Amino acid sequence: MHRVSIVRGGRAPSPASVESMVRDSIELLGGIKDFIKPGDTVALKPNVVTGRLSGRGVTTDPEVLKALIRLSYEGGAGKVFVVEGSGYGSPTMEALELSGVKDAAEACGARVVDVDSDDLVEVKVPNPLILDKIPVSKTFLESDVKINVPVMKTHDQMLMTLGMKNMKGIIPKPQKRLFHRIGLAKAIVDLNKAVPLDLTVVDAIYAMEGLGPSFGDIVEMSLILASRDVYSLDVIGSKVMGFDPEEVEYLKLASEQGLVKLDGSDIEVVGEPVERVARVFKKPPMDLAPQEGVRIIEKGACSACRGTIRSVFYDLEQIGLMKDIRDLTIIVGPQAGLPKDLDKTPLIMGTCLKHLENKGCYVIGCPPNNDQMIKAIRELCGKS
Ligand code: SF4
């Protein structure tokens, strides 16, 4: 049986309550000394997707990390690293600073490591679905104890992000782009097989529903979940979010590979029962167009470009330009073509549509960056 612990705290838990929730979640799995031997090097992998939107329910709560660093040293750790590579368009060190993770880590005696400037090691994927080898952070790979510390969030491409998906932060940015191009779900399963974890501790004190992983609504769950087995943890986590694990593509793939049973028949939940803590999370909208007057012609687009479109509209909303956007057509995805009824110049997006660059306002990049996209939209809508 794989054990998953669930600990619930009170509303708006204080730093001391967060620490005791983290401690209790690990105690329910046997205690920190079951994971760490004296002198071990411990690597913690938080979720710091972007600094710009850091905060509750978006990035790992620094208090959760502080608790884990203290616990690691109490367990006898010789060194503790906090290892992260943020999303594209967001320099990792800046994100670590803005999120408060760098200060929190250093205050507790851990060192932060930016995956994008760390040495890389190519690891072989056993029984691969799509990738034979994956370059990963050397610091993370070579640490004696690997602890994953994700946030509980919905995800506009994968439905949810918990333990398995959070591992994408141990690969460098170009590899992240490749994951999105070749098939994110399969690549996530391959990465998790290539780099087994010792422990996953989910920060679900504040979680995200709706348009996750960055632009959704924050919900207070006051929960910490933990497990040695990241697959079981994700199955139980999906139920806590009110989803059926069968709906989550990477969990289905993991189950087809014999890594987990989606009916939970080999999972023991300790602490709070799922039924007592579950909440039905709002699912992320799958439609990319945010309002009337915006038309998205999409075929086969990677999650990278889909995510860019969402974050561009988010940025336009923030700067008060959304109300001025009308008659905008965006063409995206390698199989997308020009519609016959086009009466205005479209925005053509991404390297895979370079063959259409003369057919509209073309923005290069794989994916293109937000600033260039916004510049093109401003031009097309007469707001430059
Ligand atoms: S430009 Fe094309 S290939 Fe590159 S991320 Fe976007 S959709 Fe994928």
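Things worth noting here:
- Residues of region 331-360 that are touching a Pro at 6+ places or on another chain (Cβ under 7 Å), assigned to a strand (DSSP E or B) and more than 9 Å from the ligand (Cβ to nearest atom): I331 alone.
- Residues of region 43-81 that are of a type in the set (G, A, S) and at pLDDT 95 or above: A43, A67, S72, G75, G76, A77, G78.
- Test: residue in region 3-10 that is closer than 25 Å to V112 by Cβ and in the same structural domain as Y231 (by TED's automatic domain parsing): no
- Single residue of region 17-54 satisfying the filter (in a loop (DSSP other than H, G, I, E, B) and aliphatic (A, V, I, L, M)) that is nearest to I205 (Cα to Cα): V48
- Here region 306-330 is the region considered, the condition is being assigned to a helix (DSSP H, G or I) and hydrophobic (A, V, I, L, M, F, W, C), and the residue that is nearest to the ligand (Cβ to nearest atom) is I309.
- Boolean, Y206 is farther than 19 Å from V64 by Cβ, away from the ligand (no atom under 16 Å from the Cβ) and of a type in the set (F, W, Y): no
- Only one of A194, A204, A185 that is more than 17 Å from T308 (Cα to Cα), modelled with pLDDT under 95 and assigned by TED's automatic domain parsing to the domain that holds D24: A185
- Among helices (runs of 4 or more DSSP H) entirely within region 217-305, having at least 1 residues that are within 16 Å of the ligand (Cβ to nearest atom) and in contact (Cβ under 8 Å) with a residue 60 or more places away in the chain singles out no element at all.
- Residue among D343, D371 that alone is surrounded by fewer than 20 Cβ atoms within 10 Å (Cβ to Cβ), at pLDDT below 95 and more than 24 Å from the chain's Cα centre (by Cα): D343
- Checking D103 against (1) acidic (D, E); (2) touching a strand residue (DSSP E or B) at 6+ places or on another chain (Cβ under 9 Å); (3) farther than 18 Å from D198 by Cβ, the condition it does not meet: (2)
- The set of residues in region 63-89 being more than 16 Å from D118 (Cα to Cα) and among the small types (G, A, S) consists of A67, S72, G75, G76, A77, G78, G89.
The values are calculated or read from the model by the stated rules, or taken from the named source; none is laboratory data. Since the model is a prediction, treat every value here as computed from it, not as a measurement. FYI the Cβ positions are ideal-geometry reconstructions off the backbone, even for glycines, and counts take in every protein chain you see.
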